[in-house]
Amino acid sequence: MAQPPNLRDVRTLVIDDEFSVRAVLSKTLTEWGARVSEVHAGARGIAELTRARDAGLPFELIFVDSTMAV
């Protein structure tokens, strides 16, 4: 069996409007060591990206639902 990826302390943002998708993805990423933040809407995602950048702690990995309504 392949080893899981090492995402230790990788700042990760999950943007998805489906709670179940966010929950599964966040749980998996956290198990792999990532520091996960999640939001349920695109506008909130942009706000979170901006906040993190302005704080000097930009996200290194971002997952975005490509079929999410605007």
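In table form, for the structure just shown:
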{"quantity": "Residues (open to solvent by 80 Å² or more (accessible area, probe 1.4 Å) and over 10 Å from the mean Cα position of the chain (by Cα)) located in the range 31-41", "calculated": "Glu31, Trp32, His40"}
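Yes or no, residue by residue, for (1) touching a helix residue (DSSP H, G or I) at 6+ places or on another chain (Cβ under 6 Å); (2) outside any helix (DSSP H, G or I); (3) touching a residue at least 24 places away in the same chain (Cβ under 8 Å); (4) exposed (fewer than 15 other Cβ atoms within 10 Å of the Cβ):
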{"position": "Pro5", "(1), (2), (3), (4)": "no, yes, yes, yes"}
{"position": "Val14", "(1), (2), (3), (4)": "yes, yes, yes, no"}
{"position": "Val21", "(1), (2), (3), (4)": "no, no, yes, no"}
{"position": "Ser26", "(1), (2), (3), (4)": "no, no, no, no"}
{"position": "Ala43", "(1), (2), (3), (4)": "no, no, no, yes"}
{"position": "Ile46", "(1), (2), (3), (4)": "no, no, no, yes"}
{"position": "Thr50", "(1), (2), (3), (4)": "no, no, no, yes"}
{"position": "Phe59", "(1), (2), (3), (4)": "yes, yes, yes, no"}
{"position": "Ala69", "(1), (2), (3), (4)": "no, yes, yes, yes"}
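The values are calculated or read from the model by the stated rules, or taken from the named source; none is laboratory data. Everything quoted here is computed from the prediction, not taken from an experiment. Cβ coordinates were reconstructed from backbone atoms using ideal geometry, including for glycine residues, and neighbour counts include every protein chain displayed. To get the accessible areas, we keep the full protein, side chains included, count just its heavy atoms, and leave off ligands, DNA and RNA. Shrake-Rupley method; radii C 1.70, N 1.55, O 1.52, S 1.80 Å.
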